[in-house]
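The values are calculated or read from the model by the stated rules, or taken from the named source; none is laboratory data. Everything numeric here is computed off the predicted structure, so don't read it as measured data. Here the Cβ positions follow ideal geometry from the backbone for every residue, glycine too, while neighbour counts run over all protein chains shown. These accessible areas exclude ligands, DNA and RNA; they are computed on the full protein's heavy atoms, side chains included. Shrake-Rupley method; radii C 1.70, N 1.55, O 1.52, S 1.80 Å.
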Amino acid sequence: MKKNVMLAGIRATGKLHIGNYLGALKQFVELGNDPKNECYFFVADLHALTTPFEPDQLRHDTLEVVAEYIAAGLDPKKSALFLQNHVSEHAELAWIFNCITPLGELERMTQYKDKSKQHKDNINAGLLTYPTLMAADILMYKPNGVPVGDDQVQHIELARIVARKFNNKFGQTFPEPKPYERKPLRIMSLKDPSKKMSKTGDDALWISDSPEEISRKLKKAVTATDGSGSDGVENLLLLLRHFGTKPQIQYFEDGLKQDTIKYSELKETLAKEIADYFADFRERKRELMSDKNKLASILADGAGRAKQTAQETLLEVKKKIGLL
Ligand code: TYM
């Protein structure tokens with residue numbers, strides 16, 4: 001029976017926050033454990049080069065993401081787990097896509113505009129062509145679904161445009177990819193709930209945070225409603241729906257409706273549930289980070305498996321476009 005192909009990555013920019021977990025990693029684990037799926041999950045280390053980086057930090061951050069994937073329950077025997085740079089076909093296909101993607105499509109991307117504002121002194125070409133590399137990551141494996149959070153949907157749309165352009169010019173090759181979830185998630189910042197939680201903010205709730213840190217950060221979370229839909233309480237309830245028990249969810253949702261909700265109680269409950277949920281994760285991550293050789297051998301195995309598919313696709317593409 002033909003399996004459903006699932007693929008996604010996370011940038012190698014260090015430890016993951018609760019948004020990365022709920023928007024992406026949790027689904028990687030679930031999809032990878034389902035025998036109906038053939039999964040490819042990678043760490044996007046080439047994409048990490050588009051924003052300022054230091055070599056030692058990059059090395060560390062990359063392994064940290066790998067360890068967090070596995071500690072969260074991703075089984076590298078079931079899913080191909082690899083580094084983007086180890087399957088060099090991604091970069092080759094990205095170059096080909098660069099040559100069929102109109103500049104205008106790249107210039108209008110929200111992430112490009114945001115990052116060029118954030119890093120005014122480092123608006124490099126990689127930042128602009130980030131989406132064509134991502135289109136290559138995706139289309140290489142012809143996936144049935146791409147598990148991502150809401151902020152990556154525009155990039156998947158760009159990959160659809162690239163697929164369509166390629167297919168129109170060179171014949172049907174790539175199915176148009178789509179996000180795995182119909183409504184991808186967006187977890188908001190704890191300090192400013194009008195913004196999404198991000199790795200660069202100082203308020204991110206890391207999934208490796210100690211129970212004390214989780215409690216401290218949640219205590220400071222903004223709960224005021226400013227009327228613009230940027231509602232901190234809604235964000236906390238969204239987290240509770242993922243980590244709390246049914247009676248807890250019911251209790252606080254009723255409390256909100258009846259205006260009897262106590263924010264401090266909601267924050268304490270949430271802090272305890274999140275800390276408990278990730279207790280095993282924290283332990284496993286510590287063990288994995290202390291055995292770098294094991295991580296390296298897992299990555300070598302994953303790259304070998306991904307390469308088989310990647311080489312097939314790249315050969316098909318090269319033939320179709322006339323490269324000898
Ligand atoms: P990155 O590293 O920014 O984020 C990794 C994943 O986490 C999701 N995410 C969130 N989900 C919900 N709420 C949030 N606040 C939140 N913040 C981040 C992201 O949507 C993403 O799913 N370009 C990608 C990496 C990538 C990729 C790919 C993904 C490279 N090639 C191919 C899928 C397929 C990125 O920057 O993710």
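Odds and ends about this structure:
- Wholly enclosed strands (runs of 3 or more DSSP E) of segment 1-101 bearing at least 1 residues near the ligand (Cβ under 9 Å from one of its atoms): 4-11, 37-44
- Flag for R216 being in the same structural domain as L22 (by TED's automatic domain parsing) and either in contact with a strand residue (DSSP E or B) (Cβ under 7 Å, 6 or more places away or on another chain) or open to solvent by 40 Å² or more (accessible area, probe 1.4 Å) (or both): no
- Whenever a residue of segment 182-201 is basic (K, R), its partners that are not in a loop (DSSP other than H, G, I, E, B), lying with C-beta atoms within less than 7 angstrom and at least six residues away or across chains, give the pairs R186/D150; R186/D151; R186/K196; K195/M188; K196/G19; K196/D151; K196/M188; K199/H17.
- Residue in segment 256-269 that is within 19 Å of K217 (Cα to Cα), open to solvent by 40 Å² or more (accessible area, probe 1.4 Å) and acidic (D, E) present: yes
- Selected residue (criterion: most open to solvent (accessible area, probe 1.4 Å)) from residues of segment 167-199 that are among the polar types (S, T, N, Q) and within 10 Å of the ligand (Cβ to nearest atom): S198
- Enumeration of residues in segment 108-139 that are over 19 Å from D150 (Cα atoms), more than 11 Å from the ligand (Cβ to nearest atom) and not charged (D, E, K, R): S116, Q118, H119, N122, I123, N124, A125, G126, L127, L128, T129
- Qualifying residue in segment 110-124 (condition: open to solvent by 50 Å² or more (accessible area, probe 1.4 Å), among the hydrophobic types (A, V, I, L, M, F, W, C), modelled with pLDDT under 95 and not in a helix (DSSP H, G or I)): yes
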